[in-house]
Amino acid sequence: MRWLGILGLVALSECIVIIPLMKMSTMQKTLKGKNLMNSFLEEHAYSLSQHSANDQKFSTHPLSNFKNIFYFGNISIGTPPQQFRVLFDTGSSDLWVSSVFCLDPGCGKHRLFNPRGSTTFQMTDRHMYFCNELGQIVGFFGRDIVQIGDLVIMNQTFALTYRQASKILPLLPFEGVLGLGYPSLATTGIIPVFDSLMLQKVISEPVFAFYLNNKKGYGSVVMLGGVDHSYYKGDLNWVPVPKCRYWQITVDRISVNGKVIGCSSRCQATLDTGTAFVHGPIRLITNIQRLIGARPYHGYQYSSISCRGSIGIPRVVFTINGIDYPMRTEDYIVSITSSLCFSAFLGGTEKVSKSETWILGDAFLKQYFLVFDRRNNRIGLAHAV
């Protein structure tokens, strides 16, 4: 998952400071005597069932749209349930929320989980540390009941933050992240939410899907355990995921006006609902910015572009498994104010890999209906209605 520094035009540097992880004596005293679960659920075979509209093991969960940049929904944790807004993120695998033990500005303006307010909370001796574009996030893991719509997970391990060193979090309308990546991307030994849904047989099918509506502030959904076919037209184009870590696929080529400008020998791209923009190698992104008329903005990594666009601005076409998926002008213009807009293309993936790699965020994904199939390790794409 890659996070935006564009809110408030704040540029975050890479995290280089290591924060020591310490046990919290306050939590230990508060929760002393709580019994910890002896072991995690062991992996076992699951049977699949056909999805139907009345299937109780299938949930279509509404998502809110924040400035066409973030898509988030409500979940609840604990007994009685405490509600939180979380980003459903295919680029990470852990679940974390802000807690009452966090005193940083990124926590104070949001809902905070209080473990003492839940009769089913269980503490663990595991600690959590994340460092990314969002900032430095430190916490500890606990277990509790997690509910997503009508789907209920028992003894789900999740992280409670007690340090959020970030200039971005206070500006965001959600309190945490629910990762939907593969287990190999999760903190070692932690079972992700979707794997718990499968292991506990809460869902019928090991698939989830996204419909990200960019036309209104509402109407977007994430589907867990099945697919509602009314959200797309035509057929799903199935693309294999070669390595079970990120939701990564092979792109045939990237072109503008029929001319190949990227992936000339095919390349890898991650489909990431936790990223707003499209990230690629700097040299190729610079070329795309020139072709669409975007210009560097006062030393920031973002490039400004006309909010109205202009006649003749070309589409940027991603060809995947032989099918063209174009980004139109309205897809790659991100409005900050009525007179300030940015291009939805960002450079910088060379730091991650020497090969040509891309991250396709919501600017690309919101045009299409997406199905993530864990059983067959593949992603289905179709044109959204």
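Within the range 108-136, track down each residue that is among the aromatic types (Phe, Trp, Tyr) and crowded, with 17+ Cβ neighbours inside 10 Å.
Correct list: PHE113, PHE121, PHE130.
Spot the failing condition for ALA209; the list is (1) modelled with pLDDT of 95 or more; (2) touching a Ser or Thr at 6+ places or on another chain (Cβ under 8 Å), and only one is missed.
Every listed condition holds for ALA209 apart from (2).
Can you report the number of residues in the range 223-237 which are more than 25 Å from GLY142 (Cα to Cα), touching a residue at least 24 places away in the same chain (Cβ under 8 Å) and not in a loop (DSSP other than H, G, I, E, B)?
9
Residue-by-condition table, conditions (1) among the β-branched types (Val, Ile, Thr); (2) modelled with pLDDT of 95 or more; (3) at positive phi; (4) assigned to a loop (DSSP other than H, G, I, E, B):
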| position | (1), (2), (3), (4) |
| --- | --- |
| ILE203 | yes, yes, no, yes |
| VAL239 | yes, yes, no, no |
| CYS244 | no, no, no, yes |
| HIS298 | no, no, yes, yes |
| ARG308 | no, no, no, yes |
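Condition first: under 19 Å from the mean Cα position of the chain (by Cα) and surrounded by fewer than 20 Cβ atoms within 10 Å (Cβ to Cβ). Can you find one or more residues in the range 234-243 that meet it?
yes
Any residue at all in the range 156-170 that is at pLDDT 95 or above and surrounded by fewer than 17 Cβ atoms within 10 Å (Cβ to Cβ)?
no
Based on this model, can you work out whether VAL334 counts as in contact with a Cys (Cβ under 8 Å, 6 or more places away or on another chain), touching a residue at least 24 places away in the same chain (Cβ under 8 Å) and within 21 Å of TYR368 (Cα to Cα)?
Here the answer is yes, as VAL334 does meet what is asked.
Quickly run through the range 294-308 and pick out the residues that are free of Cβ contacts under 8 Å to residues at least 24 places away in the same chain and either within 9 Å of SER343 (Cα to Cα) or in contact with a Ser or Thr (Cβ under 6 Å, 6 or more places away or on another chain) (or both).
Passing the criteria: ARG295, PRO296.
Which of the residues spanning the range 196-226 are of a type in the set (Val, Ile, Thr) and under 23 Å from ASN68 (Cα atoms)?
Listed by number, the residues that qualify are VAL221, VAL222.
Filtering the range 277-312 down to residues that are of a type in the set (Val, Ile, Thr) and more than 18 Å from GLY262 (Cα to Cα), which residue is surrounded by the most Cβ atoms within 10 Å (Cβ to Cβ)?
Result: ILE305.
The values are calculated or read from the model by the stated rules, or taken from the named source; none is laboratory data. None of the values given here were measured: they were computed from a predicted structure. As a convention, Cβ positions derive from the backbone with ideal geometry for all residues, glycine included, and neighbour counts pool all protein chains shown.
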